[in-house]
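J.: Dumping the structure here so I can ask a few things about it.
The values are calculated or read from the model by the stated rules, or taken from the named source; none is laboratory data. All of these numbers come straight from a predicted model, not from anything done at the bench. So basically every Cβ, Gly included, is an ideal-geometry build from the backbone, and we count neighbours across all protein chains shown. Ligands, DNA and RNA are stripped out before the accessible areas are found, and what is left, the full protein with its side chains, is counted by its heavy atoms. Shrake-Rupley method; radii C 1.70, N 1.55, O 1.52, S 1.80 Å.
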Amino acid sequence: MQIILSSVLEYCGGVKRALRMADEQLDSVHDRPVYSLGQLIHNRIVTDEFERRGLVAINAPSEGEGGVLVVRAHGMTDAEKRDFLSAGYSLVDATCPVVTHNLAMIRKYASDHQILVIGEKGHAEVNSMMGIDGSCPTLLSSPADVALLARDGSYAAFVQTTFEEEKWQEIRKALQPFRVVFVNHICPASTARRKAVVELAEKCDALIVIGGRNSANTQALASLAKQTKPSLVVYSIESEKDVTDEMRRFPRVGLATGASTAHETLLAVRDALSHS
């Protein structure tokens, strides 16, 4: 069996930064509890280790007792920020710089445009984009949602940085008859990762995508690989514990990782595939 690695692997820059900042807080803060706003990243292996070290994931101030709150890479809403500060928490903002810029641009454009947020309903980054005070955004998750817009509006559109490229282009096309400023783009790192999976799919008989089961970008990679090559057998796993004998029967197996997957996990999966 030949194991072929994707050309884009490991953490994205925003995830690396969030992990580093959480790590620094756990090392330096000893007199107050340290929390994260929701799951720090979509990787159960990593978050379990952070929890062992003392990082507690909470979603509201009442779930903790005050302390340091690490804001994950997806950011937070204005209401969440007010609530946590009012409850006496100190915020450590690990929001991805790309997301931070996009949130700032929503504030800027909201003064004279109707804001459109293009992304998956309920995704943490989308929630942050929808939660800017005074922006009154409209969420578009599919081309069908565009039919709800008024034709005479002046719109500014912001896309979730990890949104699926194909869906993004379909919605952009549906918005062509409208007066729209497209302010941002899908994150280049996310685009590069997906392009690498497309290239990898063509070289393999089976492809294994490694990442958290609740990671939207990991599931999108698996779906993209299958779309690229319908005959391809695609597996989505979290760790080497999920490797099976069935995966070892293919002549060429590709390995790809989500944006929140550690290099150590990749190596462990590769080793598990190599040993029956």
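J.: Which one of I210, G14, G153 has its Cα pushed farthest toward the positive end of the charge dipole of the chain, where Lys and Arg give +1 and Asp and Glu give -1 at the Cβ?
T.: Result: G153.
J.: Moving on to the next point. Once you keep just the Cα pairs under 8 angstrom separated by 6 or more residues, what percentage relative contact order results for region 1-155? Could you put the intermediate results ahead of the total?
T.: Values: 212 pairs, mean separation 30.3, N = 155.
Relative contact order for region 1-155 comes out at 20 percent.
J.: Using a Gaussian network for the chain with springs between C-alpha atoms less than 10 Å apart, which of these wobbles most: F158, F50, F178?
T.: Highest fluctuation of the listed residues: F178.
J.: Could you tell me the center-to-center distance, by alpha carbons, between region 197-261 and region 123-169 in angstrom?
T.: Here the two parts' Cα centres lie 29 Å apart.
J.: To the nearest 20 Debye, how big is the dipole of the chain about its Cα centre, given +1 on the beta carbon of each Lys and Arg and -1 on that of each Asp and Glu? Write down the numbers at each step before the final one.
T.: Working: 30 positive and 34 negative charges, 161 e Å.
With only Lys, Arg, Asp and Glu charged at Cβ, the dipole is about 780 debye.
J.: Same structure again: Measure off, as a whole percent, the carbon and sulfur share of the 1.4 Å-probe accessible area of region 95-221, all protein chains present. Kindly include the intermediate steps, with their values, before the conclusion.
T.: Numbers: 3100 of 5710 Å².
Solvent-exposed carbon and sulfur of region 95-221 make up 54 percent of the total.
J.: Considering the Cα trace of region 136-202, what is its radius of gyration and what is Dmax, both in angstroms?
T.: 13.7, 45
J.: So, for region 82-150, what is the accessible surface per residue at a probe of 1.4 Å, expressed in square angstrom? Spell out each step's value before the answer.
T.: Values: 3300 Å² over 69 residues.
In whole numbers, region 82-150 has 48 Å² accessible per residue.
J.: Same structure again: Using only the alpha carbon atoms of region 9-53, find the Kirkwood hydrodynamic radius as the inverse mean reciprocal pair distance, in angstroms to one decimal.
T.: Working: mean 1/r = 0.0890 Å⁻¹.
When all Cα pairs of region 9-53 are included, the Kirkwood radius is 11.2 Å.
J.: What whole-number volume per residue, in cubic angstrom, does the convex hull of the C-alpha atoms of region 1-94 give?
T.: On the way: hull volume 10.4 nm³, N = 94.
Roughly 110 Å³ of hull volume per residue.
J.: Moving on. When the Kirkwood hydrodynamic radius is evaluated over all pairs of different C-alpha atoms of region 90-213, what value in angstrom, to one decimal, is obtained?
T.: Numbers: mean 1/r = 0.0632 Å⁻¹.
Evaluated on region 90-213, it is 15.8 Å.
J.: Something else about it: L140's amide H: which non-local residues (gap 5+, or another chain) put their own amide H closer than 5 Å, with H modeled 1.01 Å from N in plane and none for Pro or chain starts?
T.: Amide H neighbours of L140: V117, I118, G119.
J.: Now for a separate question. With a Cα-only, solvent-free Debye model of region 55-157, what are the log10 I(q)/I(0) values at q = 0.23 Å⁻¹?
T.: After summing over all Cα pairs, the log10 values are -1.22.
J.: Per residue, how many Å² of accessible area does region 181-242 show with a 1.4 Å probe? Provide the component values of the computation, followed by the final result.
T.: Numbers: 2640 Å² over 62 residues.
About 43 Å² of surface per residue is accessible.
J.: Additional query: How are the Cα pair distances of the chain distributed, in percent, across 5 Å bins from 0?
T.: 1, 6, 12, 15, 15, 14, 13, 11, 7, 4, 2, 0, 0
J.: For the chain, what does the relative contact order come out to in percent, with C-alpha contacts under 8 Å and a separation of six or more? Display every interim value, and only then the final one.
T.: Working: 513 pairs, mean separation 60.7, N = 276.
After rounding, I find 22 percent.
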